[in-house]
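One structure below.
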Amino acid sequence: MAKQPLLQHFPTSSPIAFGCMGLGGGWNSQSIEPTHIKQAHLVVDTALDCGINFFDHADIYTLGKAEMVFGEVLKSRPEIRDQIIIQSKCGIRFEDDKGPKRFDFSGQYIRDSVDGILTRLNVESIDILLLHRPDPLMEPEQVAEVLAQLNQSGKVAHFGVSNMNAQQMGFLQHYLDFPLIANQLELNLLHLGWLNDVVLANNLQGKDLSFGSGTIEYCRMRSVQIQSWGSLCQGLLTGRDLTGQAQNVQQTAALVSSLAAEYQTSKEAIVLAFLMRHPAGIQPVIGTTNSDRIRACSLASSINLSKEHWYALYVTARGEELP
């Protein structure tokens, strides 16, 4: 299994991250309830018991309530803070009286977002802040200035991005005096642009334009931690009803089940091991709040797929042989 670049900044980081998007109840304006806080305690305990100490947030998750219930956990058990790595994201604004859903990398918005994140989480600092989605109106000098201020004030230790390609990362990095250390991208067995970008080079089929060309290579050359969101394919390969699904999805699910039996592990572990087998040292982000599935996912850390099995999964998921 490839070594994660993140380890140079956080030597104790788990190879799998827990995504907190499912905490805090629904995506609505209703208040958090005791059951939501109880759920947060349970998933934190389960994750830590499974060796997962990296927790991924975003200021928009359940409209801020995910961070709030996590903050309640930290408030009642402050000793946990030293055991975990906290990452959050900002930059997405939902429709309001000022405009439609939009992305905002303006300096004041980033600054205010971080203050809100810290308040909801009941912490004085976070380990990593990611800029959530590229803002076409970004002014990089302004972004660089506010990120430097957040770092110097001790509010944020490190910075990264999410859903950016190599060119966008390089453009922003040009204005920064410190490295971007992470890029969170949609990578999984059913979202294969990141691999097709490689194998379709110099091929009559053309490049897969669904993924920014050279992004994986850019991150590897600069020791940027690649994180994968959507890692579990929304359960399509691990037991969800496949009625009406494409043939390649059904065949991939069958192969995942077969390999889980061969490796004597869970289907979730096989799906994640596919990502973790890549030499970029990909860190999957899992979003399930089901304790049994969290445990099933954690088994991936001990699985090292053979190259043949890795390619079998890739080709089956593609639905056609390689060029």
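Figures for the structure shown
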quantity: FRET efficiency, 1/(1 + (r/R0)^6) with R0 45 Å, evaluated for GLN167 and SER76 via beta carbons; calculated: 0.50
quantity: Accessible-area composition of segment 144-241, carbon plus sulfur, in percent [1.4 Å probe]; calculated: 50 percent
quantity: Per-selection Rg to Rh, segment 249-313 - Cα, Kirkwood hydrodynamic radius; calculated: 0.94
quantity: Helix-only CD estimate at 222 nm, as mean residue ellipticity for the chain, using -39500 (n - 2.57) per DSSP H run (n ≥ 4); calculated: -12000 deg cm²/dmol
quantity: Rg to Rh quotient for segment 1-141, alpha carbon positions, Kirkwood Rh; calculated: 0.98
quantity: Under 18 Å from LYS3, Cα to Cα: lysines that are on another chain or at least 8 residues apart; calculated: LYS307
quantity: Semi-axis lengths (Å, descending) of the ellipsoid that matches the C-alpha gyration tensor of segment 107-158; calculated: 19, 12, 9
quantity: Among CYS20, THR46, VAL315 - extreme Cα towards positive end, dipole of the chain, charges at beta-carbon; calculated: VAL315
quantity: Whole-Å distance, taken between Cα centres, linking segment 133-162 and segment 166-235; calculated: 20 Å
quantity: Cross-link pairs LYS75/LYS155; LYS38/LYS89; LYS75/LYS101 - those with Cα-Cα distance over 28 Å; calculated: LYS75/LYS101
quantity: Accessible area expressed per residue, segment 1-125, with surrounding protein chains retained (probe 1.4 Å, Å²); calculated: 46 Å²
quantity: Protection proxy ranking, peptides 59-66, 291-298, 236-243, 26-33, average beta carbon neighbours within 10 Å, highest first; calculated: 59-66, 291-298, 236-243, 26-33
quantity: Residue-wise HN-Hα coupling along segment 49-55, computed from phi with Karplus coefficients 6.51, -1.76, 1.60 (Hz; x: Gly, Pro); calculated: 4, 8, x, 9, 10, 10, 10
quantity: Cut-off under 5 Å, modelled amide H: who pairs with LEU130 long-range; calculated: SER88, LYS89, CYS90, GLY160
quantity: Nearest-0.05 FRET efficiency for LEU322 and GLU141, computed from C-beta distance (R0 35 Å); calculated: 0.20
quantity: For the chain, convex hull of alpha carbons as volume per residue, Å³; calculated: 147 Å³
quantity: Sites excluded, GluC sites (Glu not before Pro) in DSSP loops with at most 10 other C-beta within 10 Å, longest stretch of the chain; calculated: 125-319
quantity: Sorted peptide list for 4-15, 98-109, criterion being average Cβ within 10 angstrom, highest first; calculated: 4-15, 98-109
quantity: Cα convex hull volume per residue for segment 10-78 (Å³); calculated: 86 Å³
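The values are calculated or read from the model by the stated rules, or taken from the named source; none is laboratory data. The model shown is predicted, which means the values in this text are computed figures rather than measured ones. Don't worry about glycine lacking a Cβ; one is built from the backbone with ideal geometry, like all the others, and counts go over all protein chains shown. Heads up: the accessible areas ignore ligands, DNA and RNA and are worked out on the full protein's heavy atoms, side chains in. Shrake-Rupley method; radii C 1.70, N 1.55, O 1.52, S 1.80 Å.
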